[in-house]
Every structure is written in structure tokens, then in C-alpha cells.
Amino acid sequence: MFRLRHWSAAAKLACGLTAALSAAPPLTTIQEILYKADGTRFNGIAVIQWNSFQASDTSSIATHNVTVRIVDGILRVRLVPTTTASPGARYLVRYNSDGKIQFTEVWNVPPSTAPLRLADVRVSSSPVAPVPDTTVEIADVNGLESALAARPEKGPGYMPSRAAVISATGQLEGAMGDSTDCVRADGSVGPCGGGVAFTGAFVDGEEPAGAVNGVNATFTLAHTPAPASSLALYRNGVLQKQGLDYTLTGATVVFEPVSIPQSQDILQASYRIS
């Protein structure tokens, strides 16, 4: 009889210990709808982290963390109360959105059978530390200041969709003139060559006068190239060589027999006249 009673007491003690070990600690629900400053709902995650502590029912809570998804602003999580736990128990919460930690909070959760709001558990909050100013001054980069100083700047005559020319002061200006005009190396603008009255120092795209028939070898330019070596004579876009394909005397061009232009050929001349 004694052995039976002894076994019964031991069994009850073991069952009670098993029940105590298998019982989950009490949980408090934190529930809130989060908004951003512009009135839209917050979307992202909250990473909740804690160190080891002992709950009010002596349950041992190990160091760990949990990630809670916040969709359309809805935050809901159940946590072990910390106000009745071992001293120093707290939750560190980091809110993450758009791949960045936006801000952090510290929670101290009391026991409650009804859901609590963030204002009921939040004990401190802080924004993310600002990104340090990493601005690099121009003078800090070796040679940058002199390189920038050498670049042409926009002048008062600068205009978009215009050919750019560099003025006498080294500034970028827009070339003035008609859309059919030519811009010369010195930045001046005037009518292009080709039978049009020309008052500048260059002729461009002129068609030499003369019959293009496969027989005629002599053609005349509107002006005398000066110097003669400035003449660039093209036949169907191919540059002809002076002294090999033709000879130049004053304003007269004479093609060699093997280079006489045929009836379908196109001649164009560009040259300097002063």
C-alpha cells in the first residue's frame, strides 16, 4: 500500500512538472495601422529583436528575433510581456521599407487580454542616423579646378539647336544665320558656295562650270583658289588628286584623259579664295 501511494504521489509530481514545462508563456497582442506622413499606408517589415529573459511564469525566452510583414499598414504581432519579466527585458524594433531601415523603437509590453496599440508599448523611438556628408570639394581633387577653368562656358549668345562657335572671349555662342548658311573655321557664317554670291573667304560645294559629257575635260571655277593647294575637287564623292587626275591653272581645271568626268558624274569643289 505504501509503495502504491508513493508511486501515485511521484506520478502526480511528474505530471505537474510536465504540464508546467509544456505550457506556453502568456502572450500580448500588439495591433496597429501604420501610415506615412503623406497619408499613405506604410508597407514593409518590422524586425523585432530581444535578448534572453525570464517571463512572469518563469518561462525562459531565448535571444532571438522575428520579422513581421506590414501590408497596407497593418501591423499585428503577439509577444511575451516584458513589464512582468526579469529586469531589463525589452524589444528592439526596426522598421524597414524600400530596402532601408526607416526608424527604430523600443517596446515594453505589459500583460493584456485585449490588443494593445503602439502607444501602449512604445517607450522610445529614434530616426535612422543621417547619412554623413561626404561632399568632395573641387579643390580636394588634384587638377580638377584647372581642368574646369579651361572648359568653355556658355556665353550670352548660347542657343540650343544651333551650331556652337567659340567667341573671342572663349565662351560658347550659337552661330547666327540662316539654316542654309555655312559655318567657317573662324566662326563666321555666310552663304555656302555653288553659284550663290559669296562674300566670305571659303567656297564649299561649288559645281565647276563645264559640260559633263565624257568628252569635255575643261571646267571653270567661280573664283581662283588661293592658295591653289586649298582646292578639294570631288568626283562622285571621291577626292581627285591635283597633278594626277587634273591640273589647275588660275580658276581653270583640266582633267587628264583617263579622268574625264562622264555624263552621270557629279563634280563638287571646295577651296579658299583669300
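The values are calculated or read from the model by the stated rules, or taken from the named source; none is laboratory data. Only a predicted model underlies this, so the values are computations on that prediction, with no experimental measurement involved. No Cβ is skipped: glycine too gets one built from the backbone with ideal geometry, and neighbour counts run over all protein chains shown. Ligands, DNA and RNA are excluded from the accessible area calculation, which covers all protein heavy atoms including side chains. Shrake-Rupley method; radii C 1.70, N 1.55, O 1.52, S 1.80 Å.
Take the range 30-59 and flag every residue that is open to solvent by 50 Å² or more (accessible area, probe 1.4 Å) and of a type in the set (Asp, Glu). Across the range 30-59, the qualifying residues are ASP38, ASP57. Has the range 20-29 got any residue that is at pLDDT 55 or above, assigned to a strand (DSSP E or B), in contact with a Phe, Trp or Tyr (Cβ under 9 Å, 6 or more places away or on another chain) and surrounded by 10 or more Cβ atoms within 10 Å (Cβ to Cβ)? Checked the range 20-29: no residue is at pLDDT 55 or above, assigned to a strand (DSSP E or B), in contact with a Phe, Trp or Tyr (Cβ under 9 Å, 6 or more places away or on another chain) and surrounded by 10 or more Cβ atoms within 10 Å (Cβ to Cβ).
Could you please give the count of residues in the range 205-259 that are basic (Lys, Arg) and under 19 Å from ARG272 (Cβ atoms)? So that I can check it myself, show each step before the final result.
Going residue by residue through the range 205-259, those that are basic (Lys, Arg) are 235, 241.
From what's left, under 19 Å from ARG272 (Cβ atoms): 241.
Counting residues in the range 205-259 that are basic (Lys, Arg) and under 19 Å from ARG272 (Cβ atoms) gives 1.
The number of residues in the range 227-274 being among the small types (Gly, Ala, Ser) and within 52 Å of the chain's Cα centre (by Cα) comes to 7. Only a single item in (1) open to solvent by 50 Å² or more (accessible area, probe 1.4 Å); (2) at pLDDT below 85; (3) assigned to a loop (DSSP other than H, G, I, E, B); (4) of a type outside the set (Val, Ile, Thr) is not met by ASN142, and it is number (2). Within the range 263-274, the set of residues being assigned to a loop (DSSP other than H, G, I, E, B) and either farther than 16 Å from ALA211 by Cβ or open to solvent by 80 Å² or more (accessible area, probe 1.4 Å) (or both) comprises SER263, GLN264, ILE266, ILE273, SER274. With respect to (1) modelled with pLDDT of 80 or more; (2) of a type outside the set (A, V, I, L, M, F, W, C); (3) open to solvent by 50 Å² or more (accessible area, probe 1.4 Å), the lone exception for PRO160 is condition (1). Scanning the range 89-123 for residues that are open to solvent by less than 60 Å² (accessible area, probe 1.4 Å), more than 37 Å from the chain's Cα centre (by Cα) and within 19 Å of ASN51 (Cβ to Cβ) gives ALA89, TYR91, TRP107, ASN108, VAL109, PRO110, VAL121. Taking the criterion of being modelled with pLDDT of 90 or more, open to solvent by less than 60 Å² (accessible area, probe 1.4 Å) and part of a loop (DSSP other than H, G, I, E, B), the residues of the range 60-88 that qualify are GLY73, VAL80, PRO81, THR82, ALA85.
Out of everything in the range 204-215 that is part of a loop (DSSP other than H, G, I, E, B) and closer than 24 Å to SER230 by Cα, what residue ends up being least open to solvent (accessible area, probe 1.4 Å)? Per the stated criteria, the residue is PRO208. Checking each residue in the range 69-103 for being among the aliphatic types (A, V, I, L, M), within 16 Å of LEU27 (Cα to Cα) and without any contact (Cβ under 8 Å) to a residue 40 or more places away in the chain picks out ALA85, ALA89. Please determine, by comparing only the residues of the range 189-203 that are out of contact with any helix residue (DSSP H, G or I) (no Cβ under 9 Å at 6 or more places or on another chain) and closer than 22 Å to SER229 by Cβ, which one is modelled with the highest pLDDT. Out of the qualifying residues, it is VAL203. The number of residues in the range 238-262 that are closer than 15 Å to VAL215 by Cα, in contact (Cβ under 8 Å) with a residue 24 or more places away in the chain and open to solvent by less than 50 Å² (accessible area, probe 1.4 Å) comes to 5.
Which one of these is of a type in the set (S, T, N, Q) and closer than 30 Å to GLU153 by Cβ: THR224, THR180, THR220, THR249? Steps first, answer last, please.
Values: THR224 fails: closer than 30 Å to GLU153 by Cβ; THR220 fails: closer than 30 Å to GLU153 by Cβ; THR249 fails: closer than 30 Å to GLU153 by Cβ.
So the residue among THR224, THR180, THR220, THR249 that is of a type in the set (S, T, N, Q) and closer than 30 Å to GLU153 by Cβ is THR180.
Within the range 145-171, how many residues are in contact with a Phe, Trp or Tyr (Cβ under 9 Å, 6 or more places away or on another chain) and in a loop (DSSP other than H, G, I, E, B)? The total comes to 1.
If you check ALA185 against the conditions, is it surrounded by fewer than 18 Cβ atoms within 10 Å (Cβ to Cβ), over 48 Å from the mean Cα position of the chain (by Cα) and free of Cβ contacts under 8 Å to residues at least 60 places away in the same chain? Let's see the steps before the verdict.
Details: surrounded by fewer than 18 Cβ atoms within 10 Å (Cβ to Cβ): yes; over 48 Å from the mean Cα position of the chain (by Cα): no; free of Cβ contacts under 8 Å to residues at least 60 places away in the same chain: yes.
No.
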